[in-house]
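Worksheet: the structure to be examined is printed underneath.
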Amino acid sequence: MPSPLPASVLDLAPVVPVVVIEDVADAVPLARALVTGGLPAIEVTLRTPAALEAIREIAAEVPEAVVGAGTVITPDQANASVAAGARFLVSPGWTDVLLDAMRACGVPFLPGVSTTSEVVALLERGVREMKFFPAEAAGGTAYLKSLNGPLPQARFCPTGGIGPATAPDYLALPNVACVGGSWMLPADAVAARDWGRIEALAREAAGLKGSRAQV
């Protein structure tokens, strides 16, 4: 049976791996390495033809993983992802049509935002958990820190340009629950199918915490 979800996907681990899978054969061993390393929430991006089948394989073969779909930009993609076994959805941005479709799928979803107005619009629609993307390009920790004063009810998973050196600064912010990133999946390790190295990098990521209190 799939592992139960906590109150929020954002609370599963400090880091959500953002995974691009080119070869479906890599999906299950890669997911097992991440889960064993302590990162159970896995965002498989819909950037490759293999993505939906990869989600299906992980959902079927790695029940302790909480596999989700990323780069969801159309209602059809949202529906196909959930049909394949995705347990959460992540979009780089949102529209009313996409938001309604993700909500109708019945699984947790993280719409992408990069401006204050987008955050306010989502709060108006009852959405309090969001992806902040592209994090570094959109203002990074300084921007998110500024949002916390007027909009403390919003919780974020920043993604985009974040690595092990900067992740703790994001995680120290009171409105950041976790971060998304792919640094624990270096291309050479994936190409070599070095799952042990990926597991070790995942374990390091799972141990990250905020580096200092920020308000």
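Short-range pairs are left out: with C-alpha atoms under 8 Å and at least six residues apart, the relative contact order of the chain is 22 percent.
For GLY181, the amide hydrogen comes within under 5 Å of the amide hydrogens of VAL16, VAL18, counting only partners 5 or more places away or on other chains and with H modelled in the peptide plane.
By DSSP, the beta bridges lying fully in the stretch 31-148 are antiparallel in about 0 percent of cases.
In this simple spin-label model, placing a label point 7 Å from the Cα along the Cα-to-Cβ direction at both ASP100 and GLU53 gives a separation of 3.4 nm. With a cut-off of 14 Å between beta carbons, the residues surrounding PRO152 carry a summed charge of +2, where Lys and Arg count +1 and Asp and Glu -1. Any idea what the relative contact order of the stretch 15-57 is, in percent, if you count C-alpha pairs under 8 Å spaced at least 6 apart? After rounding, I find 54 percent. Normalising the Debye intensity of the chain to I(0), with uniform scatterers on Cα atoms only, and taking log10 at q = 0.09, 0.16 Å⁻¹ returns -0.31, -1.03.
Amide hydrogen proximity for LYS131: with H placed 1.01 Å from N in the peptide plane, the residues at 5 or more positions away or on another chain lying under 5 Å are GLY112, VAL113, CYS157.
Helix content alone sets the calculated 222 nm mean residue ellipticity of the chain: runs of n ≥ 4 DSSP H residues at -39500 (n - 2.57) each, divided across all residues, give -10500 deg cm²/dmol.
From most to least packed by mean Cβ count within 10 Å, the peptides 33-41, 153-161 give 33-41, 153-161. Look at the dipole of the stretch 1-135 built from charges on Cβ: of ILE55, PRO29, ALA69, the Cα furthest out on the positive end belongs to ALA69. The H on the amide N of PHE109, modeled in the peptide plane, is under 5 Å from the matching H of LEU89, each at least 5 residues off or on a different chain.
For the stretch 9-206, the dipole from Cβ point charges (+1 on Lys and Arg, -1 on Asp and Glu) about the Cα centre works out to 400 debye, to the nearest 20.
Values in this text are rule-based calculations from the coordinates and carry no lab data. Owing to the predicted nature of the structure, the values given are computational and were not obtained by experimental measurement. Heads up, the Cβs are rebuilt from the backbone with ideal geometry, glycines too, and the neighbour counts pull from every protein chain shown.
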